[in-house]
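The values are calculated or read from the model by the stated rules, or taken from the named source; none is laboratory data. Not measured: the values here are computed from a predicted model. Glycine also receives a Cβ, built like all others from the backbone with ideal geometry; neighbour counts cover every protein chain displayed.
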Amino acid sequence: MNKEHKPQGGRQGLSSIFSRLFGVLAVIFLVVGLMACSKNDPDVGAEPMDLTKVGVDLQGGIITGTTTAMEYSLNSTDGVDGDWEAASDGSTVVAFGDDGRVYIRETTNPANVRLVISLGSDNMDLVYLSDVSVDIAEGIIKGTTTEMEYSLNSTDGTDGDWLLASDVNTAVTFAVGRVYVRAASDHTHKRPVAIIAAPAAAPNLVADDISNIIVGLAAVHEYRVDGGDWIAGPNGPDLTGDKSVEVRIKATAVTLASEAQTLTFTTDPVDIVVFEHHFDGAETLEELGYALSSTKAVISDNMSVSGTKSLAFLETSGTRNIGRYFNSENTAEKYENVTVELWVKLDLQAAQSANTLIGLYDGTTSVARVSNFSTTIRYYAGATITEFNPVTSVIWDEWFKLRIEMVGATFNVYRDGVLLGSGLATDGGRTEVNRLYFSTSSANTHSYFDDIKVTYKPQ
């Protein structure tokens, strides 16, 4: 036997055995300890849940900003005792009492607890936020009190700038984003009132630079001229001369005004008069250049405007038509962008109906026609007699000024300066005319005309 070799044993051997035994026991104790951990213990190193965004709507009976990872108590006195219930996702419906406290806590980390609000006269006056709303068009937050604050740039009801609200309504300038209100005495008692969307696209209207009108302008629009104040449609401004006009869709209670469309108007060319007649009773119709197709068209003996006699259609049977070529020496000569203005009077007869037509023609072919037909004034869309929108009633027994204004292959109609229809298509898309035409076929109306003026705009 090798004298230098000694068997392992004694104290050194026992030390090795105990060392291994202690290692095994440590592992066992660690596993048992982990298994014994409460399910409510927070994860090691986990961030506590943010409870600051939880609020209440007392009038609505809800705790706002909750998740299913939270629980609440309505009768806890210290955030530990009392009864606790699981919260719902988004908001939690509850029955608030007159007194007490509302606590919220993280379900898996009960130590992360927060007092949301204390109820009762000894703690606070209730501030009801559920009736607050917005009216963007009026520029007000409605239903506010001086016990509230509001924000137009908060993203979560906590950040952003906050201002004290006014009593009843609070005047503001709305912008894209969220509108929040909260109790001034308790910033956790808050409510999102509205989410304001970006403005809609600008409208697509047409600047008629010849007629100096905005085609398509309606009650939903508003406009401003050269950077002035916004004015509601549908009646447009005086757009003669050089002007820049912005048009947009008006704001509503829940939407911002749309983006603005810019329209440009320029100084008009001088109108050239084709002919103009003011009947004075001293000349016959033929002398005035009218080509009579019936003897029923005569100078009235008893109707006048500013002392001048009028062209009249009397109540008799037979054809009552009359027309005049613009250039009697060259009847084929035609003009574009023609406007006719004249005074008209319809003398009501027994059956209370009318059928008096006034139009611009290309020879014998109609181009732009208006008819006082039955009980309403209408226009012709091709061969179809069509109501204006809105429907416009006939004016009886008084003079009114009628204007038919051609713009390329469309025409506009005014009565006493009020636009009845714009952008109306001419018959067959025609753009040129050479004749003014009158017609009446009803035996129930005397029709009178005076102060007739025809002009055109040179290109």
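Among the residues of the stretch 173-192, are any surrounded by 15 or more Cβ atoms within 10 Å (Cβ to Cβ), of a type in the set (Asp, Glu), outside the structural domain of Glu85 (by TED's automatic domain parsing) and closer than 22 Å to Leu51 by Cβ?
Checked against the condition, which is being surrounded by 15 or more Cβ atoms within 10 Å (Cβ to Cβ), of a type in the set (Asp, Glu), outside the structural domain of Glu85 (by TED's automatic domain parsing) and closer than 22 Å to Leu51 by Cβ, the stretch 173-192 yields at least one hit.
In this structure, is Thr52 of a type in the set (Val, Ile, Thr), closer than 19 Å to Ala183 by Cβ and at pLDDT below 90?
Numbers: of a type in the set (Val, Ile, Thr): yes; closer than 19 Å to Ala183 by Cβ: yes; at pLDDT below 90: yes.
Here the answer is yes, as Thr52 does meet what is asked.
Could we say that Thr375 is assigned by TED's automatic domain parsing to the domain that holds Glu341 and either touching a Leu at 6+ places or on another chain (Cβ under 8 Å) or at pLDDT 90 or above (or both) here? Step through it out loud before you land on a result.
Values: assigned by TED's automatic domain parsing to the domain that holds Glu341: yes; either touching a Leu at 6+ places or on another chain (Cβ under 8 Å) or at pLDDT 90 or above (or both): no.
Answer is no for this residue.
Which residues, taken from the stretch 95-107, are crowded, with 17+ Cβ neighbours inside 10 Å and either modelled with pLDDT under 85 or within 26 Å of Glu47 (Cβ to Cβ) (or both)? So that I can check it myself, show each step before the final result.
Pass one, the stretch 95-107, residues crowded, with 17+ Cβ neighbours inside 10 Å: 96, 100-107.
Residues satisfying the conditions are Gly100, Arg101, Val102, Tyr103, Ile104, Arg105, Glu106, Thr107.
So which strands (runs of 3 or more DSSP E) are wholly in the stretch 141-194 and hold at least 2 residues that are basic (Lys, Arg) and in contact (Cβ under 8 Å) with a residue 24 or more places away in the chain?
Here the list reads 177-183.
Sort out which residues of the stretch 215-264 are surrounded by 14 or more Cβ atoms within 10 Å (Cβ to Cβ), β-branched (Val, Ile, Thr) and farther than 15 Å from Leu419 by Cβ, and write them in order of number.
Listed by number, the residues that qualify are Val220, Val225, Val245, Val247, Ile249, Val254, Thr255.
Quick one: Asn169 ticks every box in (1) surrounded by fewer than 18 Cβ atoms within 10 Å (Cβ to Cβ); (2) polar (S, T, N, Q); (3) touching an Asp or Glu at 6+ places or on another chain (Cβ under 6 Å) bar one, so which box is it?
(3)
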